[in-house]
2 protein chains.
Amino acid sequence: DALGVVVTVSGEPGFEPLVVLELASDIKEEAVVWLLSRIRDPQQNGGAELLVEHLGPGVRPQEKENPNLFLVGASWQRLLSGAEDLGLFKEYSDGSMRGFTCSNKHNFKDFTGDGDSFLSMAECQHIIKHELDTLRAREETHVPGYPQAKLYPGKSIIRRLQSKRILIQMFPLHHKEELKRLSFSWYQKVRLSLQPLDSIRHYYGEGQALYFGFLEYFTFALVPMALIGVPYYLFDWEDYDKYVIFAVFNLVWCTVILELWKRRSASLAYQWGTLSRKQAFEEPRPGFHGVLGFNPVTGREEPLYSNAKRQLRIYLVSLPFVLLCLYLSLYVMMVYFLLEGWVLSIHDENPTFWTGVLLFIPSVAYAVVIEAMNLIYRYAAEFLTEWENHRLESSYQNHLVLKVLVYNFFNCFASLFYIAFVMQDMVLLRQSLATLLITSQILNQFMEAFLPYWLQRRRNKKMVRKVQGRRVLEDKALPLAEQVRLEADMSTYLGTFDDYLELFLLFGYVSLFSCVYPLAAVLVVLNNITEVYSDAFKMCHVFKRPFADPAANIGVWQLAFEAMSVIAVVTNCALIGMSPQVRAYFPHSETQLILWTVAVEHGLLALKFILTFLIPDVPKHIQIKLARIEFESLEALKKKVCLFVLG
Amino acid sequence: DALGVVVTVSGEPGFEPLVVLELASDIKEEAVVWLLSRIRDPQQNGGAELLVEHLGPGVRPQEKENPNLFLVGASWQRLLSGAEDLGLFKEYSDGSMRGFTCSNKHNFKDFTGDGDSFLSMAECQHIIKHELDTLRAREETHVPGYPQAKLYPGKSIIRRLQSKRILIQMFPLHHKEELKRLSFSWYQKVRLSLQPLDSIRHYYGEGQALYFGFLEYFTFALVPMALIGVPYYLFDWEDYDKYVIFAVFNLVWCTVILELWKRRSASLAYQWGTLSRKQAFEEPRPGFHGVLGFNPVTGREEPLYSNAKRQLRIYLVSLPFVLLCLYLSLYVMMVYFLLEGWVLSIHDENPTFWTGVLLFIPSVAYAVVIEAMNLIYRYAAEFLTEWENHRLESSYQNHLVLKVLVYNFFNCFASLFYIAFVMQDMVLLRQSLATLLITSQILNQFMEAFLPYWLQRRRNKKMVRKVQGRRVLEDKALPLAEQVRLEADMSTYLGTFDDYLELFLLFGYVSLFSCVYPLAAVLVVLNNITEVYSDAFKMCHVFKRPFADPAANIGVWQLAFEAMSVIAVVTNCALIGMSPQVRAYFPHSETQLILWTVAVEHGLLALKFILTFLIPDVPKHIQIKLARIEFESLEALKKKVCLFVLG
């Protein structure tokens, strides 16, 4: 009865369901009994010491409804010890962030007598997920009833159940009232204020909150660009060559905002307690396989897979495959440009209505082919990365991100680079950029928010109709059993990957080419504003609640954005060098022009690296706080030593 | 009686002198009494709990001899608790490196019953230095007898005494027998084996050992270059344009060796226990001054100096000054080239003996001016960095290194760049390179080793003559009092700065221009081999023993070498682009040639960064060991939590 609202499940009081386990509908009884007892067992017997309940059937149960849904919760003490176990950082009474320990729990800021509301629901769910994930087999050689689901001492039970599809899914429950409050302050009221990042973090965890923080930061960072862009666009409409100042501004801007974001991100992560938190030792991901052996770090038995073999797979199969796809994509692009030229010549020779229609065909065909290739490539990339057999989820994610990133970058920008530097046609570049930005924006909003919303709405309505349509507001006060089933049917949120990818490409459009189309920044700002709303909506109403992800930064994406900003320096310098204004300074010697451009570019790149080096990644006041904690722990150690020496 | 050889000082047994304190010869008696009592006081009273002895007068004391020399030592228990306090890492019984703690001292590998020889003499001296440095004032407002030497609670006493020149110097004593063993295995026997890095580390500490390790590594890394260079030099003597392959090899080589050095350095640092050691909180350096306030990290009273003011001094005074000096150096270079051309034209017009002599004058004058400017700049850089008022010694060092580095780089390479890219005269470039390398090598060896050796030898002889010349071998079995005085008179070793700077410049000659003068690598290898001997000799016999410096890597120099390797890529690409071979591929268009060169250069730079990113900085097996220790500490925490929950 410690954590917020208490819901009564099947008559028993005092149990708040936090996480749902959906087991296969045809699971063997003995497996269920064994799993539940392992989850409930006290910790000294190697159990997880959590509370589990079976979810009763819904109103008017249907044939196809899965009866094997279980609710997991935990006592208040268990959650606190889990928080210490995880190394969760909370605010201390002196305002600094410290690793939570049960022994001095009363020195933490929001810890009231009974610990109520000290841990957020997202934190509780994360703790339960961690405890379930680290629930390990003892002497069992396989899951009872499933001889093919092998176990060995130390193997994570949940991971094995997941990889054998005995456990279908595990997800945290929404908290209806909190969600309503959050969504109201986030996107339902029209406002000019910032996003409620702390509430987002409180409800969805740090990873999500950092994404929305970055989205917001990025939007604000674009505002100066947009403000400069509008008059440029309005008054120099046809004067494509007056973009030197804009290009210079561009490359300074994209270096500075990324550096400042690092500082902002560090501030947020410090405030949320993830900056200096030590990550627990990472478990192998569910799909990882190999010969059984002993992990050199933990000494536990687990599958081992030689790193050399993985490297061979990466460098001899994945890398050539990616290069081949890039080549193919380049080839398709060249065919498109050929077709376009051919169609244009036909239309010019003998313009009729039909040749006018024909003009659109190459673009449409190209768009369709690109989209299809993108889809196929994405599946191939996932397959290959799975086949590379990475031990850690994080390493799997990094390799997948890298593959998808490179290909998407190529697909989006190759044609623009071709137009800019091979064809050197700035009018066409401007048109293409505008078309790309506007269509991708419309498509994205549609695919990302409205389509899933519409599907979800249909599903909700069905469910509500099933519960006899007693109320008009769909998801208010549904019985818990229905609510859980409704959430179980929602699509799974696949992480921030696609959201970041979209921002990455938008950043590319702005930083690489906005000097030839100054309105790009304006369009991206508009896109980002709607993106905040559609992403917020989709998080709250379209997808299952995701588990909190205690991220300290935006990870590999910081690197990707920085790489893009380096490419932006090179591109902008080249565009400057090609501008008629600059060419006018070197009327007789193209060689001189190029040498100067290259020299300036090298200077700017050097300056960029020096700037990156000079601007500290963590703001001074946070460095001091971190140093203070470090110093105090050293002093504590010293005192211990003194006592030892004297005693 | 715990640590190695016990020397009897003034009749008292059981005291091994480790560190010498030389106080001002006219110091007031009350200050001495106070200082000694503070050093001897037990720790719970705020003292350092060390042993101190007054050094008696030497044989035949002279008028000018300083009577105020004190020997500091410590009991065995005190040294062990100091080791824990410092966070010293030692080898554990399972072969891993762990932070030493007194409570489980018996689980450490070399810990025998009484702890004898567990800590090396260098470690003991480092511990004593740390304990003396952190000996803090209590209620004293000034040093007794010196009202101008202000103190406040928490101020390091030794730092104040140093800054007021009451303490003249503090240095660790040599250990004659160990030194003899070390110098024999290091440089006195002719051998083909590697340097005894572990013994060097044992005697001089990690910072020194890493320098010699780097010197050795660098020499070996140059061997392939030297081997390829010799046939190039022999068979393509006059064929300066056949250097494309050499240049390509060059830029791959300089990227790879630096990456591999990081791994080697991590291995060494792990093995020596400095890799994962936490640095204690750094004290302000002796010369630091400011308004008294409270340090936000420690909460102790200490001088504070606003960071903004320091930044202003750096960016508004130091930076312009450095730029001005660079400009001046460039100006002098241009004057030199003008003079050279003028003298050459005179000689060509009317060649006599005197015009032949005249030919040498510009070079000699330039060399003298450069040397003088270098000297003046060095003083100015030290003055400015001191004036910037850095709080930490490390930050002071970094700013000084940066200033000196940039200027030296400019001085050494500006003329070569000018010859290579403005004059485009490869024959002259080759001559200049050869002259620079050979003369600098000879000068360096002379200035670094033979001159100080000769001076030291004279001093030793005087001392020996004073002790009645009883023995022929100079420094054998001198009485302790004489030995200490002899060492106190030796020059102070000023750190590895100049040694690294020399290596850095040699690395520059090889990586930037060795494709036009392939013999450069051979000359540098020869130089390095003699450098090992002369540096070793100078460490052992010319300088005072330095305090051990527990370094985990070569610090700012790694960055400097990496910056140089980036410049090397650019330079080599430009040299390749200028070669007649490559020019032959683009007979009609210089623009095409330049564009291709720039494209290749960008590709290589990208590849370099990717390589830097892909090659892990710490070898796998050490990563595993570090992860295991991390994992075990997390598990230990977990067990504690379980006990707490159950208890």
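The values are calculated or read from the model by the stated rules, or taken from the named source; none is laboratory data. The model shown is predicted, which means the values in this text are computed figures rather than measured ones. Virtual Cβ from ideal backbone geometry, glycine too; neighbours counted across all protein chains shown. Calculation scope for accessible area: heavy atoms of the full protein, side chains included, ligands and nucleic acids excluded. Shrake-Rupley method; radii C 1.70, N 1.55, O 1.52, S 1.80 Å.
General observations
- For the stretch B:364-399, the candidate set comprises residues that are open to solvent by 30 Å² or more (accessible area, probe 1.4 Å) and among the β-branched types (Val, Ile, Thr); within that set, the residue that is farthest from the chain's Cα centre (by Cα) is B:Val364.
- Only one of B:Leu402, B:Leu428, B:Leu433 that is under 26 Å from B:Phe507 (Cβ atoms) and open to solvent by less than 40 Å² (accessible area, probe 1.4 Å): B:Leu433
- Residues (over 30 Å from A:Tyr315 (Cβ atoms) and in contact with a Phe, Trp or Tyr (Cβ under 6 Å, 6 or more places away or on another chain)) located in the stretch A:363-390: A:Tyr366
- Evaluating A:Ile576 against the criteria (1) open to solvent by 10 Å² or more (accessible area, probe 1.4 Å); (2) within 14 Å of chain B (Cβ to nearest Cβ) leaves one unmet condition, (2).
- Scanning the stretch B:138-177 for residues being open to solvent by 40 Å² or more (accessible area, probe 1.4 Å) and either in a loop (DSSP other than H, G, I, E, B) or not basic (Lys, Arg) (or both) gives a total of 13.
- Pair list, Cβ under 9 Å, 6 or more apart: the stretch A:39-50 residue part of a helix (DSSP H, G or I), other residue open to solvent by less than 50 Å² (accessible area, probe 1.4 Å) and of a type in the set (Lys, Arg): A:Gln43/A:Arg78
- Flag if B:Glu53 is more than 14 Å from chain A (Cβ to nearest Cβ), under 30 Å from A:Val297 (Cα atoms) and acidic (Asp, Glu): no
- Residue among A:Val600, A:Val570, A:Val566, A:Val542 that alone is under 20 Å from B:Ala599 (Cβ atoms) and touching a residue at least 40 places away in the same chain (Cβ under 8 Å): A:Val566
- Taking every residue in the stretch A:310-321 that is free of Cβ contacts under 8 Å to residues at least 24 places away in the same chain and pairing it with any residue that is open to solvent by 70 Å² or more (accessible area, probe 1.4 Å) and hydrophobic (A, V, I, L, M, F, W, C), at least 6 positions away or on another chain, yields no pair with a Cβ-Cβ distance below 7 Å.
- Scanning the stretch A:284-303 for residues that are open to solvent by 30 Å² or more (accessible area, probe 1.4 Å), touching a residue at least 60 places away in the same chain (Cβ under 8 Å) and within 14 Å of chain B (Cβ to nearest Cβ) yields a total of 1.
Here is a yes/no grid of residues against (1) outside any helix (DSSP H, G or I); (2) open to solvent by 20 Å² or more (accessible area, probe 1.4 Å); (3) in contact with a strand residue (DSSP E or B) (Cβ under 7 Å, 6 or more places away or on another chain); (4) at pLDDT 80 or above:
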{"residue": "A:Trp186", "(1), (2), (3), (4)": "no, no, no, yes"}
{"residue": "A:Leu192", "(1), (2), (3), (4)": "yes, yes, no, no"}
{"residue": "A:Thr219", "(1), (2), (3), (4)": "no, no, no, yes"}
{"residue": "A:Phe246", "(1), (2), (3), (4)": "no, no, no, no"}
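- Filter result for B:Ser117 (open to solvent by 50 Å² or more (accessible area, probe 1.4 Å) and on the phi > 0 side of the Ramachandran plot): yes
- Unique match (being at negative phi, out of contact with any Leu (no Cβ under 8 Å at 6 or more places or on another chain) and open to solvent by less than 70 Å² (accessible area, probe 1.4 Å)) among B:Ser318, B:Ser345: B:Ser345
- Among the conditions (1) open to solvent by less than 40 Å² (accessible area, probe 1.4 Å); (2) within 24 Å of the chain's Cα centre (by Cα); (3) within 12 Å of another protein chain (Cβ to nearest Cβ), A:Val566 misses just one, which is (1).
- Condition met for B:Glu630 (part of a helix (DSSP H, G or I) and at the interface with chain A (Cβ under 9 Å from one of its Cβ atoms)): yes
- Restricting attention to the stretch A:579-621, the residues that are of a type in the set (Gly, Ala, Ser) and either within 12 Å of chain B (Cβ to nearest Cβ) or touching a strand residue (DSSP E or B) at 6+ places or on another chain (Cβ under 9 Å) (or both) total 4.
- Where B:Ala122 falls short, out of the listed (1) in a helix (DSSP H, G or I); (2) open to solvent by 30 Å² or more (accessible area, probe 1.4 Å): (2)
- Any hit, the stretch A:491-502, residues being at pLDDT 90 or above, farther than 28 Å from A:Trp272 by Cβ and either basic (Lys, Arg) or open to solvent by less than 20 Å² (accessible area, probe 1.4 Å) (or both): no
- One residue alone among B:Ser306, B:Ser329 is open to solvent by less than 60 Å² (accessible area, probe 1.4 Å), within 14 Å of chain A (Cβ to nearest Cβ) and not acidic (Asp, Glu), and that residue is B:Ser306.
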